[in-house]
Amino acid sequence: MRFHNKHKIIKKHSEFKYSTEMFAVSEDNTAQTAFELLRGSNLSGNIFYCYVIDKEGKLTGIIPLRKLITAPWGTMVSDIMVRNPIRLTTQTPFDTVLEYFLIYKFLAFPVVDEQGKLIGIARANDFIEDTITIEEKLEQARDNLLKIIGIKLEEFRKPSIFKSTFLRFPYLLFNILSGLTCAFITNLFSNTVDKFVFVAFFITIILGLAESMGTQAVAVTLSSLEKTIRMKRLVLYETLVGAKIGMLCGGILYLVSFLWLWEQAFSIALSLTILFSILTASFLGCMLPILFKKMGINPTHASCPLVLAIADVVSLTSYFSLGTYLLNQFI
């Protein structure tokens with residue numbers, strides 16, 4: 001009995017690939033018949049094993065190709081096959097399949113369906129390609145994550161004091177620039193701070209919330225740039241998420257500040273500032289990576305530092321401006 005596909009088909013089930021191109025014979029065949037079937041087959045690529053099936057197509061054994069070729073012609077296949085061989089199913093996890101290859105050192109494993117019928121083989125070379133692809137994706141993901149926080153992967157490969165300094169310093173310039181700008185803004189509103197000292201209590205909370213939201217938006221956008229996702233829909237989605245989070249955070253801090261200070265005008269200014277800051281950071285965290293990519297600039301290099309810098313300046317400016325206006329009007 002001859003059982004193979006003329007054309008190679010790679011199918012993917014439960015995270016691992018298998019090929020339907022294989023060589024299988026009936027357990028009623030002789031070694032000579034199996035060898036003649038092998039010579040007349042149109043299979044491409046390397047053939048390592050001959051798989052033995054019963055009349056229902058269920059896997060019953062396996063014969064290494066060398067053993068089949070050297071067996072006497074009149075020998076029955078069922079007499080030289082290895083019975084109950086190790087097999088995979090379409091539901092076997094990728095990690096388990098990889099572990100099988102590492103432990104048993106086989107070049108291929110038969111794949112059976114729920115009824116035990118032979119449907120394909122999983123080859124070691126296919127798993128090597130899959131593993132390399134997974135490692136490349138993981139390395140790229142690590143690289144993107146490190147770039148978001150201002151560190152390049154090269155720093156871990158060939159660490160040195162000079163190289164680490166050179167790789168990190170450009171990103172810190174954004175922080176220096178935004179910090180100086182925020183200091184200048186604070187100085188402009190020094191009268192407000194002197195008159196209403198409690199305004200200074202919430203500066204770190206406002207900046208922290210805006211920076212956190214901006215970082216999250218950048219991370220989500222960078223992970224979506226290589227996918228078939230509509231960027232307009234992504235921007236709208238992240239902006240709406242930012243609006244909802246801004247309302248939640250603003251509402252919480254409104255209650256906290258009002259119960260603490262009993263200054264309703266300030267609590268309103270604080271809550272509106274938080275809403276606007278988080279909304280702005282979310283929008284910028286989406287738009288800047290997309291804009292950089294369209295300009296041909298690697299979006300992972302400066303997206304997050306620039307978003308944080310702009311978010312800090314916008315948040316502090318809106319906080320002092322709105323707070324000064326409302327406090328002077330109602331207090």
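The values are calculated or read from the model by the stated rules, or taken from the named source; none is laboratory data. What you are looking at is a predicted structure, and each value in this text was computed from that prediction instead of being measured. FYI the Cβ positions are ideal-geometry reconstructions off the backbone, even for glycines, and counts take in every protein chain you see.
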For segment 177-228, how many residues meet the condition of being acidic (D, E) and within 17 Å of F266 (Cα to Cα)?
1
Which numbered condition trips up K293, out of (1) of a type outside the set (G, A, S); (2) in a helix (DSSP H, G or I); (3) more than 19 Å from the chain's Cα centre (by Cα)?
(3)
What is the one condition in (1) in contact (Cβ under 8 Å) with a residue 40 or more places away in the chain; (2) assigned to a loop (DSSP other than H, G, I, E, B); (3) of a type outside the set (G, A, S) that L118 does not satisfy?
(2)
Being surrounded by fewer than 13 Cβ atoms within 10 Å (Cβ to Cβ) and outside any loop (DSSP other than H, G, I, E, B) is the filter here, so list the residues in segment 220-243 that pass it.
K232, R233, L240
Out of all the residues in segment 98-125, which are closer than 21 Å to F23 by Cα and touching a helix residue (DSSP H, G or I) at 6+ places or on another chain (Cβ under 8 Å)?
F101, F106, L107, A108, F109, A122, A124
Based on this model, can you work out whether F184 counts as assigned by TED's automatic domain parsing to the domain that holds V314, touching a helix residue (DSSP H, G or I) at 6+ places or on another chain (Cβ under 6 Å), of a type in the set (F, W, Y) and assigned to a helix (DSSP H, G or I)?
no
Checking L43 against (1) surrounded by 13 or more Cβ atoms within 10 Å (Cβ to Cβ); (2) modelled with pLDDT of 85 or more; (3) not small (G, A, S): exactly one of these is not met. Which one?
(2)
How many residues are surrounded by fewer than 18 Cβ atoms within 10 Å (Cβ to Cβ), of a type in the set (A, V, I, L, M, F, W, C) and closer than 11 Å to E27 by Cβ when one looks only at segment 49-104?
1
Residues located in segment 75-94, provided they are touching a residue at least 24 places away in the same chain (Cβ under 8 Å) and assigned to a helix (DSSP H, G or I):
V77, S78, I80, F94
